[in-house]
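Please read the structure below before turning to the comments.
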Amino acid sequence: MKLVTWNTQWCRGLDGVVSTERIVEGARAMADFDVLCLQEIASGYERMSGAPGDQPAELRALLPGFRLFFGAAVEEFDGEGRRQRFGNLIATRLPVSLVRHHPLPWPPDPTVSSMPRMCTVVTLASPELGTVRVMTTHLEYYSSVQRRAQAQALRALHIEACQQAAAPPAAAFDDSPFQPKPHTQHAVLCGDFNMQASDPSHAEIQAPFTAPELPAGGVPDKRFQDAWPLAHPERPHDPTFKLFDKTYGKDPAAFDFVFVSDTLAPRVRRVEVDLHTRASDHQPVLIEFGD
């Protein structure tokens, strides 16, 4: 399974041009991906730089054979009643069985500007890996208080999913919303975390968890691991932010990560960053899994 994750800056390149087509072309240049996770996808914000259109609709037209799942972290209406949405998107050509959109914590921090954040989770079937939860997110940039709360919430979501996999709800085969759901400890968490690997929250996402007593005998520790050191154990992360655009600082840094559950760590074959594209202010990241 090949997955590309990219903070697109509402598909606005460093030349100021907004182009969903260029984003898709850039992702395809990295790999013939099975899953594409995009952050900062906009709809209805016509006054933003570059005047983005209905980007979920544009991306759907550009990705025939893929199913698209857009999760709006922000959904609001302007003074004239026009709908505005901003969030994350997962596109995949693999079979999908469940989609969930989780709002992340937004504790008050009056010292900075901020916006709501969320995590979209798509449970899909990979021929190589089996059932996998693909999670994509974009954490708060300006508030470290909010960012840490959001990182902790992501870990909690993974723990809960592992608990459900170990002790699923009683089945109700009645074609209702109570019908059985796919539960798995296999998970990929990717996106723009707005932190460097040295940030304590980066370590908190990967912290081991102790299973509670459950009917299935408890949950083995299936914590998240940063996939980059698995593929490059002797090399620091390639930068994904501030490589070309120095608006937010002069020193390039890795802000975009892919975390994998312990169950998938042995299956990581490749993790790469496109260090050349200028189609966004972030660089895309590719992860490839094998048998």
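The values are calculated or read from the model by the stated rules, or taken from the named source; none is laboratory data. Computed from a prediction, not measured in an experiment: that's the story for all the values here. Cβ atoms come from the backbone with ideal geometry, glycine included; neighbour counts cover every protein chain shown.
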Filter result for Val24 (in contact with a Gly (Cβ under 8 Å, 6 or more places away or on another chain), of a type outside the set (S, T, N, Q) and without any contact (Cβ under 8 Å) to a residue 60 or more places away in the chain): no
Sole residue being basic (Lys, Arg), under 30 Å from Pro266 (Cβ atoms) and in contact (Cβ under 8 Å) with a residue 24 or more places away in the chain, chosen from Arg83, Arg93, Arg100, Arg117: Arg93
Strands (runs of 3 or more DSSP E) enclosed by the stretch 1-101 - at least 1 residues per element that are at pLDDT 95 or above and closer than 23 Å to Pro239 by Cα: 2-7, 35-43, 83-92
Count of the stretch 249-291 residues which are out of contact with any helix residue (DSSP H, G or I) (no Cβ under 8 Å at 6 or more places or on another chain) and either without any contact (Cβ under 8 Å) to a residue 24 or more places away in the chain or not basic (Lys, Arg) (or both): 19
Every residue from the stretch 265-291 that is assigned to a helix (DSSP H, G or I) and hydroxyl-bearing (Ser, Thr, Tyr): none
Filtered residues of the stretch 98-139 (kept if of a type in the set (S, T, N, Q) and surrounded by 14 or more Cβ atoms within 10 Å (Cβ to Cβ)): Ser114, Thr120, Thr123, Ser126, Thr131, Thr136, Thr137
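Residue by residue, here is whether (1) modelled with pLDDT of 90 or more; (2) under 28 Å from Val35 (Cβ atoms) holds:
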| position | (1), (2) |
| --- | --- |
| Phe173 | no, no |
| Ser176 | yes, no |
| His183 | yes, yes |
| Leu189 | yes, yes |
| Gln196 | yes, yes |
| Ala211 | no, no |
Filter result (modelled with pLDDT of 95 or more and either in contact with an Asp or Glu (Cβ under 8 Å, 6 or more places away or on another chain) or not in a loop (DSSP other than H, G, I, E, B) (or both)) within the stretch 213-236: Phe224, Gln225, Asp226, Ala227, Trp228, Pro229, Leu230, Ala231
